[in-house]
1. Eight or more residues apart or on different chains, and alpha-carbon atoms under 23 Å: count the Lys pairs in the protein assembly as shown matching that.
2. Figure the gain on full extension for B:V204 and B:F138 (residue separation times 0.36 nm, minus the Cα-Cα span) and round it to one decimal in nm.
3. Could you tell me which chymotrypsin sites (Phe, Trp or Tyr not before Pro) in the stretch B:93-167 are loop residues by DSSP with no more than 16 other beta carbons within 10 angstrom of their beta carbon?
4. Could you work out how far helix A:12-56 tilts from the main Cα principal axis of chain A, as a 0 to 90 degree angle to the nearest 10?
5. Relative to the longest principal axis of chain B, what angle (0 to 90°, nearest 10) does the C-alpha long axis of helix B:129-155 take?
6. With axes computed from alpha carbons, what is the tilt in degrees of helix B:2-16 against the longest principal axis of chain B, rounded to the nearest 10 within 0 to 90?
7. Averaging over all projection directions, find the projected area of the Cα convex hull of chain B and quote it in nm² with one decimal place.
8. By count of other Cβ within 10 Å, fewest leading, how are B:M59, B:M30 ordered?
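Derivation of every value follows stated rules applied to the coordinates shown; laboratory data play no part. These figures come from a predicted structure and were not determined experimentally. So basically every Cβ, Gly included, is an ideal-geometry build from the backbone, and we count neighbours across all protein chains shown.
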Amino acid sequence: MNGSDGLGGHSSDYTQLVWIVATLFGSIILALLAVAYRRARSQRELEDAERVIAEAFPDDPA
Amino acid sequence: MTAPSQLSQLMTLTCRGELAERPTRATQLMLTISALFAALVLASLWGVAAGSSSATMAMANAYKVPMVVLLSALTALPAGLVALKLANAKLSASDLVSAFATSIFGGTLVLATLAPLVAIYYHTSSKAGVPLALGSVFVALATATMLFGRAVKRKVAGQPGPMASLIPVVILVVLFSAALMQFVALASPIIGAVTPFHGGFDTVFSR
């Protein structure tokens, strides 16, 4: 393996490092998406509960 | 049960481009994230099939291929959102992201469907294995592009200036493909043979 085995004339070590950084970034995004999903699910459960209450008590001014 | 209903909604959204009733913001976000996560699982299946020539490569592909798909999408997305704003399109950003995620889901669904064929040819044919693996990627890309265009077209149907909404679609598809080419090169080897894509842009356009 010589010094320019990687992409674009860079060394393979450099290319490997770029891949690791990109993978870390992707993993962080995945974790953030998982958190966003949980929050959206809670929000939807709340909306469902509000809808059920509104249907059960249609005359309630609150 | 929530999961089958959500999968059913996801399939409806992917096949028809929109749901019968407009989903709430929370539901739309859930469906978008579900589409992306499901797409990553499906891409992983294809990765295992494409790398099945060795156990190490198959295991590495199980995370490499989904990561390549995710990173390509993340690379393309900001430009698509900026193009959406600059084109003054009537389509909302959440609708664009949702359509993008479901089209990626559709594309990876095609990849996963072709994964057994890729695996069997990979082990039984020296001529057709690699071309079939590469061909399945192009078929998936074409399918995803078609689904994306159709979903956006349906969302803006009846609104003034529908062509403005197609500009971010074109930009997203082009940038996704461009990023995919480089991330595939970064993550290589994904297929156990040298392909024109192992060196990214430089080897694809070397002539």
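1. The result is 4.
2. 22.3 nm
3. Taking the stretch B:93-167 and a limit of 16 other Cβ atoms within 10 Å, no loop chymotrypsin sites (Phe, Trp or Tyr not before Pro) are found.
4. 0
5. Taking the Cα atoms of chain B, the angle to B:129-155 is about 0 degrees.
6. In chain B, helix B:2-16 runs at an angle near 90 degrees to the longest axis.
7. 12.5
8. Numbers: B:M59 13, B:M30 24.
The most exposed by this proxy come first: B:M59, B:M30.
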